[in-house]
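Reading through the structure tokens given below for one structure.
What follows is calculated from the coordinates using simple rules that are stated; it is not laboratory data. Model, not experiment: these values are computed from the prediction. Positions of Cβ are generated from backbone atoms using ideal geometry, with glycine treated the same way; all protein chains shown enter the neighbour counts.
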Amino acid sequence: MTQPPAFRNYLVPVLALLFIGWGGLAALFYYTLPYVWARWGFFALGIMALTGTALPVVYFFHRRFPADPPAASNVIVRQALWVGVYAATLAWLQLGRFVSLYVILGLAGGLIAVEYFLRLREKAARIPPVISDDDPS
């Protein structure tokens, strides 16, 4: 079974996401007031920061528990992005005091279901190799 690509391929995007996301959030908290554009900036920078934080963890899980067929780079990045979107959405909803246990579980269940069906579609679209019985080698 093949392994996911080396982490070296993810290093520059991870560092860029971490630097821009967390640095932007620090600057946002320090230099702005909570107006509409600052809240949108909080959401966008939060997604970047949390995606950059989750990417090494998701990569490690795919390395430790490989699937058949193994996850491609786009799957690893997409799953890290789901983590970023989930956590940033919960933080965004917490600003308006809209978070409850049902919202947390419902949002997590919805995102897990979307990822499950995307992976199911990717596995179904995979064409298995054709092995001919007539080949003497």
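Annotations for the structure displayed:
- Computed FRET value (nearest 0.05) for TRP37 with ARG119, which takes r as the C-beta separation and R₀ as 35 Å: 0.45
- Calculated mean residue ellipticity at 222 nm for the chain: -26000 deg cm²/dmol, from DSSP H runs with n ≥ 4 weighted as -39500 (n - 2.57), summed, divided by the residue count and rounded to 500.
- Multiplying the residue separation of ARG78 and PHE98 by 0.36 nm and removing their Cα-Cα distance gives an extension gain of 4.6 nm.
- Loop sites by DSSP among the chymotrypsin sites (Phe, Trp or Tyr not before Pro) of the chain, restricted to those with at most 12 other Cβ atoms within 10 angstrom, leave 36-97 as the longest stretch without any of them.
- For the chain, excluding the exposed loop sites themselves (trypsin sites (Lys or Arg not before Pro), DSSP loop, at most 16 other Cβ atoms within 10 Å), the longest remaining stretch covers 1-96.
- Distance from the Cα centroid of the range 83-137 to that of the range 3-62 is 20 Å (rounded to whole angstrom).
- Using θ = phi - 60° and Karplus 6.51 cos²θ - 1.76 cosθ + 1.60, couplings along the range 123-130 (whole Hz; Gly, Pro as x): 5, 6, 7, 6, 9, x, x, 8
- Proximal charge balance of TYR116 [Cβ under 14 Å; K/R count +1, D/E count -1]: +2
- Net charge, ALA91 excluded, C-beta distance under 15 Å - Lys, Arg +1, Asp, Glu -1: +2
- Of LEU118, LEU17, LEU45, the one that fluctuates the most in a GNM where the chain has Cα springs shorter than 10 Å: LEU118
- Taking the longest Cα principal axis of the chain as reference, the axis of helix 8-31 is set at about 10 degrees.
- Here is the tail figure for the range 8-125: Cα pairs spaced more than 26 Å apart come to 28 percent of all pairs.
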